[in-house]
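Data first, discussion second: the structure below is written as structure tokens.
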Amino acid sequence: MSENSNSNNKKIDVLLKEKPLKRRSFLKALATAGAITFFPGKQTKAFAGTFTDKKDRKGPHLTWEKFFQKYYKEMTPEDKKRVFERITRETKEYYGVDITLADPQPIPGVKFVFFLNLSKCNGNRRCVIACQKENNLDRSKAWITVLEMENGGFDFEKSDRHYTGIVPKDGKFYLPVQCLQCDNPPCVKVCPTEATWKEKDGIVVIDYDWCIGCRYCQAACPYEARKFNWKTPEIPQDEINTNQNYLGNRIRPRGTIEKCHFCSHRTRVGRYPACLEACPTGARKFGNILDPESEVSKIFNTKTLFVLKEELNTKPSFFYYFD
Amino acid sequence: MSQHKNLQTDEVGLCLKFWVVLVLSILPMANHGYAEEQITIIERESQMGFWPCSSCHTGNFKGLGDPNNQHQLTFKHMENVNECLFCHSFKNPERLHLEDGTTITFNESYRLCTLCHGEIYREWKVGIHGLQTGYWKGPKTRRNCTQCHNAHAPKFPPMEALPNPVDYPNKPAEGKH
């Protein structure tokens, strides 16, 4: 959160202008690399996991099967079955675990929102670690960043994300930031391969097999929510969460972007996200804003909510409040 | 259901299947919010260090010496009330009692807190205060007040922060190569 919003705005503008060009240049790059050039449009699948640092030979190899894979949104059930089988097999080969891979769909009539009570949050980072485990992150990475802020304002320059020890500290409050699942997401707009998009329930998902690792989305996100896999994730075998979603928490290949997806593998079957359940203070509230009986609707009606960097008009689905 | 097993006719079986499927598919729709009975409040008694009280307190509270010494309590709740039997039932050590004399178990201690914290209780009852886990769209498990607040010193305790796994955001971990 250290860059100020203006420079981010500019970055986004630049990226948006460049978008059509970039796509062409990806095709060119593919052609010169001697890759297949006769795929039109979305079929120009580049390859995840080829962001090569030659020394790092670890991680599932790029196979022809993967290379010829279709765009997720165009996959038939048979295509999906084949792809899921491939990923399940590769995960077994590389990580030695049997996973259950699925792609739960948005529930009709559901729009997810996340509310966070900053009066309750005490910065203990239980959510950060629970998220890391639930979503099969490399153990040196996190999707949730908790900022220790000076009381009395939102000065990101003065925030500290590496605080340690007993919390809460005097004169501070704690601001957890993760993907805000914007309704007007700058990250989605800049993606040259349409590997990331917004779904009906509000979740912004990523097809990691379609992501080429260009990191435009990372630059476009004003909240630093998107993280890049520089290497194949290292996860202790017995800690791998085997309940995996193709567009969500499956183990990401090296060279792809990843971020919070509101625990779509849990929330789309009705469960609460992992970070919420791990929070000992009860600061996190999640649910369907279209259901007037839900906790979130009741909070929406009684508390004053706000979003981060409202001036950017990103329209987050993640709100904060004090009470 | 077991009675129906004896009825062998196909029609009955089919009819039954149809209704079961219909009801099952309608239920989640009708049940957009959540009914109160879907909420389980985690019980306290089994988690309490001194449980069962009856192992020392037989009958009522009389005649055991200085309470603060035995239980090593620091009482920091309600400045002018340090009268234990304000909340604890004098008739039965394993119960609490409300202002009207009703006795309740420790699992229902939220009913005691309600007497003075009505506002928070109302929020807790709809899931705004406190923590619910399980299903946003289904059965939930809710924490009792005393799971988070020590009844005798209810201020939420400070805790150790877990370390941030990310030392240098978004950079490769250099040292590991």
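The values are calculated or read from the model by the stated rules, or taken from the named source; none is laboratory data. Because the structure is predicted, anything quoted here is derived from the model rather than measured. Don't worry about glycine lacking a Cβ; one is built from the backbone with ideal geometry, like all the others, and counts go over all protein chains shown. SASA here: full protein model, heavy atoms, side chains in, ligands and nucleic acids out. Shrake-Rupley method; radii C 1.70, N 1.55, O 1.52, S 1.80 Å.
Brief remarks follow.
- Interface residues, the range A:280-323 - accessible area loss of 40 Å² or more versus chain alone, probe 1.4 Å: A:Pro280, A:Lys285, A:Asp291, A:Glu295, A:Lys298
- Two-site label geometry, A:Glu293 and A:Arg82: point separation in nm, points 7 Å out along Cα→Cβ: 4.5 nm
- If you sort B:His152, B:His117 by accessible surface, 1.4 Å probe, largest first, the order is B:His117, B:His152.
- Overall, the range B:90-165 carries a charge dipole of about 260 debye about its Cα centre when +1 sits on the Cβ of Lys and Arg and -1 on the Cβ of Asp and Glu, all other atoms neutral.
- Spacing of the two label points (7 Å from each Cα toward its C-beta) at A:Phe322 and B:Glu119, in nm: 1.5 nm
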